[in-house]
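Remarks on the structure that follows.
The values are calculated or read from the model by the stated rules, or taken from the named source; none is laboratory data. Owing to the predicted nature of the structure, the values given are computational and were not obtained by experimental measurement. Here the Cβ is made from the backbone with ideal geometry for all residues, glycine too, and neighbour counts use every protein chain on show. Side chains included, ligands, DNA and RNA excluded: accessible areas come from the protein's heavy atoms. Shrake-Rupley method; radii C 1.70, N 1.55, O 1.52, S 1.80 Å.
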Amino acid sequence: PSDKLQPGHASGNIKEGNQSGTPNAKLAGRSVIGAIPSPYYTVTESGKVVVKIKVNRDGTVVEAQPGDAGTIFTNKTAWEAAKKAAMKTQFNVKADAPEFQYGTITYIFNITQ
């Protein structure tokens, strides 16, 4: 695959655009196994949290840091919920990948009252 994968391409860049609360992941050349876990939270605010992830060759998220570029929601409870959900996300195994790859998972917190 090229370095410029299109949104939704099977080799990476999972879903873009208006997700209406659905989390989406971007990790070049990799796919999410199953679904991206949704964060559990009790906040009654809306916003977007982008989590920078570090993924090993086995597809395991080994580090997650909320607040990456594009984050527009600074609620610390939401950040912690997004981090916990990101750490549970599993990507496909890729033996020829770098030891660690970096990408993002975006969570949309959309609360209606």
Worksheet item: Could you count how many residues in region 20-72 are hydrophobic (A, V, I, L, M, F, W, C) and buried (at least 19 other Cβ atoms within 10 Å of the Cβ)?
Response: 11
Discussion item. Restricting to region 73-113, count the residues that are of a type in the set (S, T, N, Q) and open to solvent by less than 50 Å² (accessible area, probe 1.4 Å).
Written reply: 6
Worksheet item: Taking ILE53 and the conditions (1) modelled with pLDDT of 95 or more; (2) on the phi > 0 side of the Ramachandran plot, which numbered condition does it fall short on, given that it satisfies the others?
Response: (2)
